[in-house]
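Student: Please read through the structure below; I'll follow up with questions.
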Amino acid sequence: MSTYLTKRMLYMLIILFAASLLIFCLYALTPGDFITGNIKLTAERKAELREIYGLNKPVLERYWTWMSNAFHGDFGYSLAQQKPVLQLFGDYIWNSFLLAAVSTFLTWLIAVIIGVISAYKQYSWFDTLVMIAIFAAMSLPSFFIGLFLIKIMAVDLKWLPPGGMTTTGSTAAGFAYFKEVVQHMTLPVIVMTLLGLGSLTRYFRSNMIDVLKQDYIRTARAKGLKERKVLFSHALRNALLPAITLVGFELPALFGGSIIIEQIFNWPGIGQLYMKSFGLRDYPLLMGFTMFLAILTVIGTLLSDILYRVADPRVRL
Amino acid sequence: MEPVMNIDGLSTEFFTEEGTVRAVDNVSFKIGRGETVCIVGESGCGKSVTAMSVMGLVEEPGGRVTGGRIGFQGEDLLRLDKNSLRSIRGHEIAMIFQEPMSSLNPVMKIGEQIMEPLSVHLKMNKKQARSRAIELITQVGISRPEQIMGSYPHELSGGMLQRIMIAIAVSCSPKLLIADEPTTALDVTIQAQILDLLRGLKEDSGMSILLITHDLGVVAEMADYVIVMYSGQIVEEGGVVELFQNPQHPYTRGLLKSKPVMGQRLEELYSIPGQVPSPLALTPSCYFHDRCGHCMPVCRTRQPLLKETGNGQKVSCWLYEEAELYV
Amino acid sequence: MATDIRVKEIEGIRPGLRKSSLMRQSLRRLMHNKLAVAGFAVVVLMFVLCFIGPFFSPYTDNKINMAFMNKPPSLKHWLGTDALGRDILTRVMQAGRISLTVGLASMLLSVFLGSLLGAIAGYYGGLLDQIIMRIADLLMTIPGLPLLFIFGALLSEWKIPTDYRMYIVMLMLSIVNWPGLARMVRGQMLSLREREFMQAAVVLGLRDRRKLLHHLLPNIVPLLIVMATLNIGGAILSESVLSFFGLGVMPPTPTWGNMIDAANNILDFQNRPWLWIPPGLSIFATVIAINIFGDGLRDVLDPKQKR
């Protein structure tokens, strides 16, 4: 296990290094930056600022500075917000996590239940309906369904607030604050759950269909167990097992925020921060964010690999 | 003496894209108390489906028991509701399967899998079930039962797993144990051990065994009564000694002839010519006619019935009907 | 039974051999899947509407007509008009041309890149395999959306003329999509290379190019068709996201994505849903139809991968 882990870690580092180089070059290639785009500044002030931020140095040298700082835990300084990038992440990330955690939990719960029932009743009308719903969920343009639901639920019916995390100017505290946040997050959570539901339900359904054909399910039935026990105890455990690998892949989604959903619902998360900085060409923050996502992706992949090996008694290193 | 199980006119059909297949066709037999009945035949002859039908495990919508009666303790299993059937399954009638490697749940500990029927059928609490499970593991001849309880199936060998399957099956002292090719997937030396174990358990508890096999060696060793199946039908049945000494159906004779005999040297082992007919293309005839060395015109157009021929044997073949007609 | 064995032997030599009859068989099975047939019908309908529909519209010139500004749907303008008095239905059909073309073309490009690179990596192995797959890993490490956004920003900053942006968007989508396809094709290649019929080809001393083109590629074609179909849907969705955020195809070239951009105007969003709901529904209908059809294809062509 340990040699395997060392190898994986090493490869991870190399990939991340290459990714950082790619990310840096892509942003560095982009002409125009925060300073050029800012019309309030005089030409002299611009040159001065460039000097300060080291923007007039060659690309490779800038990359080197960026990387060596990053190794010391310094991911740069947001030009637009005048705050360290890491601190900004700290400020916004938990809002993103709140949305992502709730919707991920709901997605998994609903997907498991529907997937199991649908597999058990394969080819029934319920199953056909589920299959169509799965395709519908997988084909939704995320921004459009977001806008559509805001229009209906918030604008027309006025059941829920259209966006934000709290009502503008609200001073609610304690339970009132909690209630307000729950109301505000309902719509984005619905949309995110809907978007994730399709592929996950389909995944559980086909896993269950495979598992239900196995010999040990026949054994469980031959033991005289109740159908519910056969399904949810014997079959589901086996169907869930490969899904553990997906937990790792959820990592970037959990902490990386959702650019589209947060933008549409004006949710103060890390994805919206990214979009805002994008308009301003705030490169330190953009690079930091992209790098952050790459790190999450790599760690997530490793995590899912390790989880699978821990969870499946058959796989031993 | 009242038999443990009385199967009458059992038929099971499967519905495929190409058409309906009658995998078990009007099969009737009895299993006496403490008796071992063997069903023999080539693969695809319907012997396993017969066992699955008895257990009520034929899966819809692919297949369905379409007729007959399975008498067990004064009731017809085919007419029982799901819950009553479930309380019999694994309790009064238990089953073991061909592939011990895949028949146990790979992500559950052995102990948990043995304890399950104990708590479901005998309403034991965890502690009772645990000590009973340890007893059972010892009973099927595995040492270090405590350690085995905490193992996963992949950590044990095929022979050990089949012993565990047997332990699970006999855990609730069933009246009838159905064993579907229990030794086919195992090494020859292990086969003998498993058969010994089954025989020992049977003698201790007085349960009956319905043994499904294609191996005549296993039949000779285990059976009291033998049923020979071909294309979903019984072609011959009788006591084991009578049937081995005096096989009547050409198919039974072929099977016996194709079995190697110790101490006998042959140039080439006999094999029955041809192949089992496609179950989709059956017409009223003796289904064995195109492989039979004694095929007569009547064999191609009419189906022979299972008839008593004395000596407790029954056979379904025109050779014997004809003899009666002419006498 | 006997014939079955012979068929298997032939398949063992080269599975692609019975292609024509396999194709016919697959087609027949596909026709049995009512959902897939319906999906296909919708896809065809969408294409016909978008590419032929505008010829029957009296408003194709996109003349700015201030008298008909922001009119709700009526008999004259079935889906209403926009801020410049242009007919929405005609715009949606014209936008569909672009969106469908971008989806189709970027799919073709990704499938070409993915299968070529994947096949080379899987077939030759060694250093070439390492290089290709490491690049694929790298591209897959950076999540697709930020990567597309960077590309989009590059486009804006480099002041690419709007006429060309469409082609660059296709290229961008393909760059993001090929690694997944390459990885899959490579996996298939590796397993095929070990199969008997391929070893037979080696024994016969066939040349690399012949082995690749005539023996290996035909065997992954079914899988490729399926992946390609499902890929179009994904590409259409990605294009719409980019264009919605102003980083893809830009007006005046209409696409479904940049038409929904109207919803970014609070008045249009609240009071004139006919501006942005029709293109959104068009995306949804097209993608769901493609996905259902693709899944039907998968059932037929690639029975190993059940739904």
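The values are calculated or read from the model by the stated rules, or taken from the named source; none is laboratory data. On a predicted model such as this, the values are computed, not experimentally measured, just so you know. No Cβ is skipped: glycine too gets one built from the backbone with ideal geometry, and neighbour counts run over all protein chains shown. Side chains included, ligands, DNA and RNA excluded: accessible areas come from the protein's heavy atoms. Shrake-Rupley method; radii C 1.70, N 1.55, O 1.52, S 1.80 Å.
Student: Of the conditions (1) open to solvent by 10 Å² or more (accessible area, probe 1.4 Å); (2) within 11 Å of chain B (Cβ to nearest Cβ), A:Trp159 satisfies every one except a single condition; which number is it?
Tutor: (2)
Student: Run down A:Ser118, A:Ser139 and say which single residue is closer than 25 Å to A:Ser258 by Cβ, modelled with pLDDT of 90 or more and buried (at least 21 other Cβ atoms within 10 Å of the Cβ).
Tutor: None of the others qualify; the one that does is A:Ser139.
Student: Moving on. If I filter segment A:199-216 down to residues being surrounded by fewer than 21 Cβ atoms within 10 Å (Cβ to Cβ), under 18 Å from A:Gln122 (Cα atoms) and among the charged types (D, E, K, R), which single residue comes out as nearest to the other protein chains (Cβ to nearest Cβ)? Before the answer, list the steps.
Tutor: At the first step, the residues of segment A:199-216 found to be surrounded by fewer than 21 Cβ atoms within 10 Å (Cβ to Cβ) are A:199, A:203, A:206, A:209-210, A:212-215.
In the following step, the residues that additionally are under 18 Å from A:Gln122 (Cα atoms) were identified as A:199, A:203, A:206, A:209-210, A:212-214.
The next check asks that each one be among the charged types (D, E, K, R); those that pass are A:210, A:213.
Numbers: A:Asp210: 7, A:Lys213: 9 Å.
Filtering first and then ranking leaves A:Asp210.
Student: Take the residues in segment B:95-111 that are in contact with a Gly (Cβ under 9 Å, 6 or more places away or on another chain) and more than 7 Å from chain A (Cβ to nearest Cβ); name whichever of them is nearest to B:Met207 (Cα to Cα).
Tutor: Here is the first cut: in segment B:95-111, the ones in contact with a Gly (Cβ under 9 Å, 6 or more places away or on another chain) are B:99-101, B:109-111.
Remaining after also requiring more than 7 Å from chain A (Cβ to nearest Cβ): B:100-101, B:109-111.
Numbers: B:Pro100: 22, B:Met101: 25, B:Lys109: 28, B:Ile110: 24, B:Gly111: 24 Å.
This residue is B:Pro100.
Student: Out of all the residues in segment A:169-178, is one or more surrounded by 16 or more Cβ atoms within 10 Å (Cβ to Cβ), more than 11 Å from chain C (Cβ to nearest Cβ), free of Cβ contacts under 8 Å to residues at least 60 places away in the same chain and of a type in the set (A, V, I, L, M)?
Tutor: First pass over segment A:169-178, keeping only residues surrounded by 16 or more Cβ atoms within 10 Å (Cβ to Cβ): none.
No - not one qualifying residue is present in segment A:169-178.
Student: Could you look through segment A:293-317, keep only residues that are facing another protein chain (nearest Cβ under 8 Å) and over 14 Å from A:Leu240 (Cα atoms), and pick out the one that is modelled with the lowest pLDDT?
Tutor: Taking segment A:293-317 as the starting set, the residues that turn out to be facing another protein chain (nearest Cβ under 8 Å) are A:293-294, A:297-298, A:312-314.
Narrowing the set further to residues that are over 14 Å from A:Leu240 (Cα atoms) leaves A:293-294, A:297-298, A:314.
On the way: A:Leu293: 88, A:Ala294: 89, A:Thr297: 89, A:Val298: 90, A:Arg314: 67.
Looking at the filtered set, the residue picked out is A:Arg314.
Student: Something else about it: Condition first: within 25 Å of the chain's Cα centre (by Cα), more than 10 Å from chain A (Cβ to nearest Cβ) and surrounded by fewer than 17 Cβ atoms within 10 Å (Cβ to Cβ). Can you find one or more residues in segment B:138-151 that meet it?
Tutor: Yes, segment B:138-151 contains a residue that is within 25 Å of the chain's Cα centre (by Cα), more than 10 Å from chain A (Cβ to nearest Cβ) and surrounded by fewer than 17 Cβ atoms within 10 Å (Cβ to Cβ).
Student: Return the only residue of B:Arg86, B:Arg79 being on the phi < 0 side of the Ramachandran plot, facing another protein chain (nearest Cβ under 9 Å) and open to solvent by 30 Å² or more (accessible area, probe 1.4 Å). Working first, answer last.
Tutor: Values: B:Arg79 fails: facing another protein chain (nearest Cβ under 9 Å).
That would be B:Arg86, the only listed residue that is on the phi < 0 side of the Ramachandran plot, facing another protein chain (nearest Cβ under 9 Å) and open to solvent by 30 Å² or more (accessible area, probe 1.4 Å).
Student: Considering only residues that are away from every other protein chain (no Cβ under 11 Å), more than 13 Å from the chain's Cα centre (by Cα), hydrophobic (A, V, I, L, M, F, W, C) and open to solvent by less than 10 Å² (accessible area, probe 1.4 Å), which ones fall in segment A:263-287?
Tutor: Result: A:Phe265, A:Trp267, A:Leu273, A:Leu285.
Student: Within segment B:112-137, track down each residue that is more than 14 Å from every other protein chain (Cβ to nearest Cβ) and in contact (Cβ under 8 Å) with a residue 12 or more places away in the chain.
Tutor: Correct list: B:Arg130, B:Arg132, B:Ile134, B:Ile137.
Student: Please state which one of A:Thr290, A:Thr219 is within 14 Å of chain B (Cβ to nearest Cβ), buried (at least 23 other Cβ atoms within 10 Å of the Cβ) and touching a Leu at 6+ places or on another chain (Cβ under 9 Å).
Tutor: A:Thr219
Student: Has segment C:246-268 got any residue that is in contact with a Ser or Thr (Cβ under 6 Å, 6 or more places away or on another chain), within 11 Å of chain A (Cβ to nearest Cβ), modelled with pLDDT of 75 or more and open to solvent by less than 30 Å² (accessible area, probe 1.4 Å)?
Tutor: yes
Student: Criterion first (under 19 Å from the mean Cα position of the chain (by Cα) and either small (Gly, Ala, Ser) or open to solvent by 50 Å² or more (accessible area, probe 1.4 Å) (or both)) does B:Ala179 satisfy it? Explain how you work it out, then say what you get.
Tutor: Numbers: under 19 Å from the mean Cα position of the chain (by Cα): yes; either small (Gly, Ala, Ser) or open to solvent by 50 Å² or more (accessible area, probe 1.4 Å) (or both): yes.
When the stated conditions are applied, B:Ala179 passes them.
Student: Considering only segment B:158-173, I want to know if a residue exists there that is polar (S, T, N, Q), touching a helix residue (DSSP H, G or I) at 6+ places or on another chain (Cβ under 9 Å) and open to solvent by less than 30 Å² (accessible area, probe 1.4 Å). Explain how you work it out, then say what you get.
Tutor: At the first step, the residues of segment B:158-173 found to be polar (S, T, N, Q) are B:162, B:171, B:173.
Remaining after also requiring touching a helix residue (DSSP H, G or I) at 6+ places or on another chain (Cβ under 9 Å): B:162, B:171, B:173.
Applying the additional criterion that residues be open to solvent by less than 30 Å² (accessible area, probe 1.4 Å) yields B:162, B:171.
There is at least one residue in segment B:158-173 that is polar (S, T, N, Q), touching a helix residue (DSSP H, G or I) at 6+ places or on another chain (Cβ under 9 Å) and open to solvent by less than 30 Å² (accessible area, probe 1.4 Å).
Student: Please go through segment C:66-96 and pick out each residue that is of a type in the set (Lys, Arg) and buried (at least 18 other Cβ atoms within 10 Å of the Cβ). Write out each step before concluding.
Tutor: Kept after step one, since they are of a type in the set (Lys, Arg), are these residues of segment C:66-96: C:71, C:76, C:86, C:91.
Correct list: C:Lys71, C:Arg86, C:Arg91.
Student: So, one more: For A:Leu88, work out the one condition from (1) farther than 17 Å from A:Met275 by Cα; (2) assigned to a helix (DSSP H, G or I) it doesn't fulfil.
Tutor: (1)
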